[in-house]
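A short worksheet on the structure shown next.
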Amino acid sequence: MICAISGEVPDEPVVSKKSGLLFERRLIERYIEDHGKCPVTKEELTMDDIVPVKTNKVVKPRTLQAASIPGLLGMFQNEWDALMLSSFALEQQLHTARQELSHALYQHDAACRVIARLKKERDEARALLSQAERQIPASMAGAAPTAVVSNGKRAIEDEIGPDGKKIRPGINPVMIEELTECNTMLSAQRKKRQVPPTLASIDAIERYTQISSHPLHKTNKPGILSMDIHPSKDIIATGGIDTNAVLFDRPSGQILCTLTGHSKKITSLKFVPRDELFVTGSADKTVRIWQGSEEGNYNCIHTLKDHTAEVEAVTVHATQKYFVTASKDNTWCFYDISTGSCLTQVGEASGQEGYTSASFHPDGLILGTGTTEAVVKIWDVKTQSNVAKFEGHVGPVTAMSFSENGYFLATAALDGVKLWDLRKLRNFRTISPYDPDTPTNSLEFDFSGSYLAVAGSDTRVYQVANVKLEWNLVKTLPDLSGTGKVTNVKFGADAKYIAVGSMDRNLRIFGLPGDDQMDDAEPSAE
C-alpha cells in the first residue's frame, strides 16, 4: 500500500470513497483543508469522503547497513566525513567574514578622514565668507534693495500691508479667462471620451502580484510618504522621510536622479510635464520647483517660503501653469509655476486647524481640501470662496481624489473612505476596509475613472460603479513591507501596473507576472 501523495507506506492509511485512492491521513487532511479537492483527480473532496483503513501494526525492518558491524562502521565513517566537510566550510566562511570586516573597517577609516577634511574646508569657507561680508562698503548696505536673488533667479520682494500681511497680486481677469477656457474644453472632451480598449481588465487586476521591489531611500530613515508618476515617460517619483525625492525609471529599473535640498521629510510631490518641471512640498515649511534637463537631472530653480507650518499637499492645475499648496498653517497658496510667485494665499493662520490634503477637480475650477478637523472643503478657484463643506469623517482627511468623470470625490480618513456626489453635494457611500484603529492613508482613481485604489494596512482595488450600485472589491494586495502601513498607491498607464509605497524604503510594483520589463538588478540608495 503506497500513499498517492508521498509515495511511501502510510502510517495511518485512509481511502477515498470517490477515487479509491490510498493516502496518508495527515497529508490528505491538510490538502483538503487548503484546496478542497483530490490532489490526483482534482474532484471535489471533503473529509466525509475519506474512510480509514484498519491494518496490523508492522515494525519497519532495519536497513541492511544497520544489520551488521561493518555496515554500522561504514555509516559512522560517512557521518564523520560529512561532519568534517561541514566544519571546513564553516572555517572558510569565518575567514571570508574576517576579510570583509577588515575591508569595511578600512573603508570606515577612510570615510572618517574624508569627512574631517570636508569639515575643515567648510569652516575655512565660512571664515572667508564672514570676512568678505565685513568688507562690504557701508554705502552698499544702506541702499534699498528692490529684488532678492533665490537659486540664481531674481524675484520681487513681497510688500507688507498695513495689517502686517504680505500683499498678493491676486488672480487677474486674464488668468480667470484662461482657467474658464480650460474648464470648457476639458468638459467637452470628457463627454466624448470612452474607456480606452487598452485599459487593464478586471480579470487581469485579479491576477496582479508583486513583480518588482526597489530600495530607493536610505535605510536609516525608511518610509515613502509621497508618490507621483510621469504620465508619458513612465517615471515614478517618490518622496521620503530621508528628505530626498527619488526619480525612478520603471522600464529600465534604474534611479535617474536623487533630489536633495529639503531639511525635513517630503510630504507631497507632483510632475508638471509641460515644461519638464517638478514640485515638492516638505515638512520644513517650503516648496521647491525643480527644472528638468536633457540629461535627466533636475535643478532647483525656486524655493518658496510662504507657509508658516508643514506643507502637506501639492496639486497641479490642468493648464500646468499653476499649482496649489496646502499647509497645516490653515492656508492654501495659488502659485504661478513659471515665476514661482504666490498669486493669492487663502485662509487665516490657525493653531487648531490646518490642511492635510488638497486636489484640483479635473476641470480646474474647483479645489478640494481636507483638514485636520475631519472636514472636506470645496472651493471656487476663481473667487477663492468656500462653496461647500462635507462633514462626517473621523480624524484628519489624509487623502482625496476626484474621479475623471467629474461627478465623484473620494476622501480618506481614520474611519475609511467616503464617496461624495458633487452634483447633489452628499455622501452616497462609505467604504470601511480596515478596523477602526487603522487609518486609510492614500487613495486614487485611475485616469479612466474605472477603478479606485485604497491604501491602509494593505492595498485594495475597487471597481467604480454609480451612486446606486455597489462598488465591488476587485483585488487585495498584501503589505509586503512588514510595517503594516501602506502610505501611497498610484495607477500606472491604463492601470497596467500599480505602484505602492510603504513605511520601509522600497517602491513595489504590482502587475501581471511576466509583464515586468525591468532588469533583475535592483538599484539601491546610498
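Quick look at the values:
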| item | result |
| --- | --- |
| For segment 13-60: accessible area per residue (Å², 1.4 Å) | 72 Å² |
| Shape of the chain, Cα gyration tensor, a/c cut at 1.5 | oblate |
| Dipole axis of segment 13-60 (+1 Lys, Arg; -1 Asp, Glu on Cβ), positive-most option in 47, 32, 20 | 20 |
| Accessible carbon and sulfur surface of the chain relative to its total accessible area, %, 1.4 Å | 53 percent |
| At R0 = 41 Å, FRET efficiency that the Cβ-Cβ distance of residue 29 and residue 210 yields, to 0.05 | 0.85 |
| Segments 472-481, 79-88 sorted - mean Cβ within 10 Å per residue, highest first | 472-481, 79-88 |
| Heavy-atom surface of segment 381-526, accessible at 1.4 Å and reported per residue (Å²) | 43 Å² |
| Residues whose placed amide H lies under 5 Å from that of residue 475, excluding near-sequence neighbours | 461 |
| Length released on extending from residue 181 to residue 21, taking residue separation times 0.36 nm less the Cα-Cα span | 50.2 nm |
| Under 13 Å, Cβ to Cβ, from residue 35 - net charge with Lys/Arg +1 and Asp/Glu -1 | -2 |
| Most positive-pole-ward Cα, 278, 436, 180, against dipole of the chain from beta carbon charges | 180 |
| Degrees separating the helix 173-192 axis from the principal Cα axis of the chain, which is the longest one | 30 degrees |
| Estimated vicinal HN-Hα couplings, Hz - segment 237-243 in sequence order (Karplus 6.51, -1.76, 1.60; Gly, Pro = x) | 10, 10, x, x, 5, 6, 6 |
| Net charge dipole size for the chain [Lys, Arg +1 and Asp, Glu -1 on Cβ; Debye, nearest 20] | 500 debye |
| For segment 70-87 and segment 308-343, distance of Cα centres in Å | 74 Å |
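The values are calculated or read from the model by the stated rules, or taken from the named source; none is laboratory data. As the structure is a prediction and not an experimental result, all values here were calculated from the model. Cβ coordinates were reconstructed from backbone atoms using ideal geometry, including for glycine residues, and neighbour counts include every protein chain displayed. Note: accessible area is taken over every heavy atom of the protein model, side chains too, but ligands, DNA and RNA are not part of it. Shrake-Rupley method; radii C 1.70, N 1.55, O 1.52, S 1.80 Å.
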